[in-house]
1. Tell me the label-point distance for the pair residue A:89, residue A:74, using the 7 Å Cα-to-Cβ offset, in nm and rounded to one decimal.
2. Report, as an integer, the average count of C-beta atoms from other chains found within 10 Å of each Cβ along B:24-31.
3. Would you compute the Debye intensity of segment B:118-159 from its alpha-carbon atoms alone, equal scatterers and no solvent, and pass along log10 I(q)/I(0) at q = 0.15, 0.18, 0.33 Å⁻¹ to two decimals?
4. List the lysines whose alpha-carbon lies under 28 Å from that of residue B:152, not counting same-chain residues fewer than 8 positions away?
5. Could you please put B:37, A:136, A:70 in sequence from largest to smallest accessible area, using a 1.4 Å probe?
6. With a ≥ b ≥ c the root eigenvalues of the C-alpha gyration tensor of segment A:6-94, is it rounded (a/c under 1.5), prolate (a/b larger than b/c) or oblate?
7. Roughly speaking, to the nearest percent, how much of segment A:1-136's 1.4 Å accessible area is carbon and sulfur?
8. Given the convex hull of the Cα atoms of segment B:1-80, what is a quarter of its surface area in nm²?
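The values are calculated or read from the model by the stated rules, or taken from the named source; none is laboratory data. Predicted, not measured: the structure shown is a model, and the values here were computed from it. Cβ placement follows ideal geometry from the backbone for every residue including glycine, while neighbour counts extend to all protein chains displayed. These accessible areas exclude ligands, DNA and RNA; they are computed on the full protein's heavy atoms, side chains included. Shrake-Rupley method; radii C 1.70, N 1.55, O 1.52, S 1.80 Å.
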Amino acid sequence: MSEHDWAEGRLDDYLDGVLPASEAERFVRALQADPVLDQEFRTADRIQRSLRSFSPASCPPEITRAILSTVRAEARRSRQQRLAAWLTALWQEAWRPALAAATLVAIVVLSSVWPGPASRPIDPQVAQATAEVKWTLAYLSEMGRNLLPENPEPQNRR
Amino acid sequence: MPRTVTQFERLVHRHQDRVYSYARCYLSSEADAQDVTQEVFLRLWHHVDGVEEDRVLHWLLRVARNACIDVLRSRRSGRALFVLESDGLDDLLDLGPGPDTDCEHIDFQDLLRRALERMGEPYRSILILREIQDLKYEDISEALDLPLNTVKVYLHRARKALRDRLGVTEYRENA
């Protein structure tokens, strides 16, 4: 392998700065001795410097805003969809019997706690009439009992 | 990976410039680069579960590259992008005015930019990622899903092709 070929094969490494020191010295000597190689090196160096001067462009802020607003809107929609799906599952699937049981318990508890119909105050006239009826009935009953003989005799006995 | 919008926002701020810059260099169009950048990050949002945290940049660059290729395909249907069989560097032989024409007025950087635009894949991506974005070989290898040595070989060939083409121009400039 000629010195030219050897040096040309290491041109990239030299440009990248990864050529070992001993080889770098040999490479520089080869450049000095070989005008064609030197020209190639200069071109390579210029290309590399020019490419690096293509300064990386910054992403315009409106693009960042557009990306983030789209993502936020999608996240919001996704949350709403998840909530709707959860509620549907709650109603349709495993929670249905639990929901029915809870409803039943609630009805029982409420019915025991709920106050019953309040006892109506009795009209005094009605109360008095009721009492009179009771007394009358009691009187008639007593009278009837007194009219009957205590030891009734058989009818054929004289 | 980002589970919340806030985490995703941090990723966007961390990587947006690199993705945009890559697309901008690749496509030489601000509008197309903006579209590609948006598309890439929205895809990331939709695939958050499939991307590992420490490989986000590689994933983004890979998706960006594919999106750029799609844009180029739509721009110029029928023109091969993956021209590895013919080594993807043939187009550099025709960059407009050649050494036999009056090209002193042509700016070296313009010529270099045009050479880059005409370069096939994966040479173009490798040059952009290595020479412009100063990415490590390992990262380029991950991003383009190519073996490390293949990346080095392709980069060497791309640099050589640029030298061969642009060296003539430089020689004429110096003459």
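1. Modelled inter-label distance: 2.2 nm.
2. On the way: counts 5, 4, 0, 0, 0, 0, 2, 0.
The mean count of partner-chain Cβ atoms within 10 Å per residue comes to 1.
3. Normalising to I(0) and taking log10 leaves -0.26, -0.38, -1.32.
4. Candidates past the 8-residue exclusion: B:136, B:160.
5. A:136, A:70, B:37
6. Prolate shape, in that a/c is at least 1.5 and a/b is the bigger ratio.
7. Summing carbon and sulfur atoms, their accessible area is 61 percent of the total for segment A:1-136.
8. 5.3
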